[in-house]
Every structure is written in structure tokens, then in C-alpha cells.
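**Q** This is the structure I have questions about; it appears just below.
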Amino acid sequence: MSILVLGGAGYIGSHAVKKLVEQGEDVIVVDNLSTGYRKAVDARAKFYECDIADGSAMDAVFNENDIKGVFHFAAFSLVGESMEQPLKYFQNNTGTMLTLLEKLNEHDVKHLVFSSTAAVYGEPEEVPIHEEVPKHPSSPYGDSKLMMEKIISWVSRTTDLNFVSLRYFNVAGASKDSTIGESHDPETHLIPIVLERVLGKREKLYVFGNDYDTKDGTCIRDYIHVEDLIDAHILALKYLMDGGNSNIFNLGYNRGYSILEIIKAAEKVTGQKIEFEYRDRRAGDPSILIADSGKAMDTLGWQPKHNKIHEIIADAWNWHQKNPDGWMTDEKAD
Ligand code: UDP
């Protein structure tokens, strides 16, 4: 029996593939390489370059493999971009979900672990945010994921599908052995951008907004190590396979850092002074996102192991120093 990882060539998906193969699982990866990199995928996994929206290609994947569970990481995930191109998000994320759910049903796949996001909450009514806090997404990205959750939930009531939706807060860091890490083109996430600035890969570091209602006026986020995040996925699949009901969990550390605190922590890790400039707020950004992950701990038995911001940044730094261009080399996505 195999585990299918959709979007296994992306930042988070590639870390899942690595950990699963290290645990002896048989892993199948589907990725259209629109934002992922072939070389990020562990060589022990079986790789299909295809699009989830392509029903007949997905039929082949399910027919050729005996799949016991699916991790679904394949989606566009940029708040800022989604404000400019909402349809790209609703089509690629939400629209594609319909085909995927049809295929899971046709091929009798019963377990789905879905990548959701803290962006479903928008500007939260309560902090830390537990799963029942009202959802008012402030971007098409957040809404595309909330719609996907709702669609999965309705389908799960009428079929044998059981799902776990994991609402990630801000994922960062790299594998502990620094063989894989975060690489996007273009990069928009704070920690890699700060580290690229230190490496001289960018001329400027901009802090988007210093007039938020937070301790230093900059946005606060709950940064979670990618290794801890993947542990939660593996526990979620086990939970479903052991007969657990469909469920939703927040994943973060119950602790937030402002952008200025992240820059300070990065200065400490890298030993370098990091200059920045303030810019206007970035559209769609909530001021503060901090997770209450008590439910994941209680129900899944999830225990974070790397919940120190300096460790997260140090692991990212190790990867970036070794790979200053990320996966972007001449043989991009070979
Ligand atoms: N941010 C910033 N400068 C950058 C990139 C991000 O000030 O070059 C801010 C962004 O506006 C947000 C926070 O850092 O307040 C985290 O953004 P990121 O894109 O890393 O994650 P998101 O919270 O959007 O998922």
C-alpha cells in the first residue's frame, strides 16, 4: 500500500515525501512542477509529472498504485498574489478539488489529509485562534481553502471519505540535515527573504506596514518548523486509518513573533546586522495570527519538537547558505 503526495515537489510536500520514505513508506508523488522542483523530490519516491485537474492522468496514478491515503499539498498559496488574481486561486485550488474528490471516490480512497491555512480566519476575533473561531478570510487564497474544506466536508458526509484538514500557521525552516528547504520563485515569505538579504541576494528588505495594532506596529505570526508540521500530517493519517472521524486542527506553537522580532532573531542566528525599510501594508494581511493547537496535541498526540524561533531560522539559514539560489540553478526543475 502506498501514500500519494499531491504537490510533493513543493516546499512542504517535499519534506513530507522525505520523512515518509525515511519511515519506510512507499510514496507516490504527483506534481505539475508549476511551482515545485523535480530535484526536491526524494529519489526513492515514484514521480508522476501531471496535473490533478487531468482526470485521466489521475486515473492512471490510482490504477497503477494501491493507494491507502492522500496528502494534498498542491495549491497556490500566496496571499498577495491572490488579491491580484483571485480567479487563479479559485480555479486552481477550489476548482481542482472537485476533480480530485471525484477521483478519490471512483478509486475508493478513504483517507485524505488536506493542507489548509490560518488564512481562513482572516482578522481573528480571538487570539490564540482555536478551530471554532469565526472564519472571515481576508484574501481569495484564504477563501479558496475555506471553500475546499467545506466541499470536502460535504463530500465526506455522502461517501466513505474521511479527512483531516490541517490549518497551518507560518511554516518555515528546512530539513534538519539541510538537504531540502524552502525555495520559491519569486520568493515572498518573510524568513527566506530576510536570509536572502543577508546573503546579498536582494538589495532591499521591506517590512510591509508599521501601523498595525501590535506591540511594535508590525504583523505578528506564529512560525512553525516544517519538520513538526510534517509529523502532524503523519499522525493525522494514522488517526484516520485507526478509524478517527473527519476533523480539523490548527498547527502552530501558540506563540507569535512580530516582523521586527524575526529580523532580530535572524541577526542573532547569522551574526549580521540586517537593514530594512518600511513599506505600505500588503493587501490581505491580517495583523495577528497565533494558533491554539491544543486540539492537535490532545487528539493526534502531536508534540512539537522544534518550537524555538532561533532553531527554525538556523535550519533555514543552513539550507540557504548551502543553496543560495534555492532550487533555482541552470537545470531548474529538471
Ligand atoms: N513580510 C514583509 N516583508 C517581506 C515578506 C513578508 O514584511 O518581504 C510580512 C508580510 O506582510 C506578513 C509577514 O511578513 O505580515 C509574513 O508574511 P509571509 O508572506 O511570510 O507569510 P503569510 O503570513 O502571508 O502566510
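The values are calculated or read from the model by the stated rules, or taken from the named source; none is laboratory data. Note that the structure is predicted; figures quoted are calculated from it, not measured. Please note: Cβ atoms are built from the backbone with ideal geometry, for glycine as well, and neighbour counts cover all protein chains shown.
**Q** Working only within segment 180-195, note down all residues that are over 25 Å from ARG255 (Cα atoms) and either within 9 Å of the ligand (Cβ to nearest atom) or out of contact with any Phe, Trp or Tyr (no Cβ under 8 Å at 6 or more places or on another chain) (or both).
**A** ASP185, PRO186 - these are the residues of segment 180-195 that are over 25 Å from ARG255 (Cα atoms) and either within 9 Å of the ligand (Cβ to nearest atom) or out of contact with any Phe, Trp or Tyr (no Cβ under 8 Å at 6 or more places or on another chain) (or both).
**Q** Can you tell me how many residues in segment 22-56 are within 19 Å of the chain's Cα centre (by Cα) and closer than 11 Å to ILE3 by Cβ?
**A** Here the count works out to 3.
**Q** What single numbered condition from (1) within 19 Å of the chain's Cα centre (by Cα); (2) more than 12 Å from the ligand (Cβ to nearest atom) fails to hold for GLY294?
**A** With respect to (1) within 19 Å of the chain's Cα centre (by Cα); (2) more than 12 Å from the ligand (Cβ to nearest atom), GLY294 is out only on (1).
Yes or no, residue by residue, for (1) out of contact with any His (no Cβ under 7 Å at 6 or more places or on another chain); (2) at pLDDT 95 or above; (3) assigned to a loop (DSSP other than H, G, I, E, B); (4) on the phi < 0 side of the Ramachandran plot:
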{"position": "GLY142", "(1), (2), (3), (4)": "yes, yes, no, yes"}
{"position": "PHE163", "(1), (2), (3), (4)": "yes, yes, no, yes"}
{"position": "ARG167", "(1), (2), (3), (4)": "yes, yes, no, yes"}
{"position": "SER175", "(1), (2), (3), (4)": "no, yes, yes, yes"}
{"position": "SER183", "(1), (2), (3), (4)": "yes, no, yes, yes"}
{"position": "THR188", "(1), (2), (3), (4)": "yes, no, yes, yes"}
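**Q** Limited to segment 193-206, what total is found for residues that are under 22 Å from the mean Cα position of the chain (by Cα) and either surrounded by fewer than 23 Cβ atoms within 10 Å (Cβ to Cβ) or at pLDDT below 95 (or both)?
**A** 2
**Q** Can you find a residue in segment 289-300 that is loosely packed, with under 14 Cβ neighbours inside 10 Å and out of contact with any Gly (no Cβ under 6 Å at 6 or more places or on another chain)?
**A** Yes, segment 289-300 contains a residue that is loosely packed, with under 14 Cβ neighbours inside 10 Å and out of contact with any Gly (no Cβ under 6 Å at 6 or more places or on another chain).
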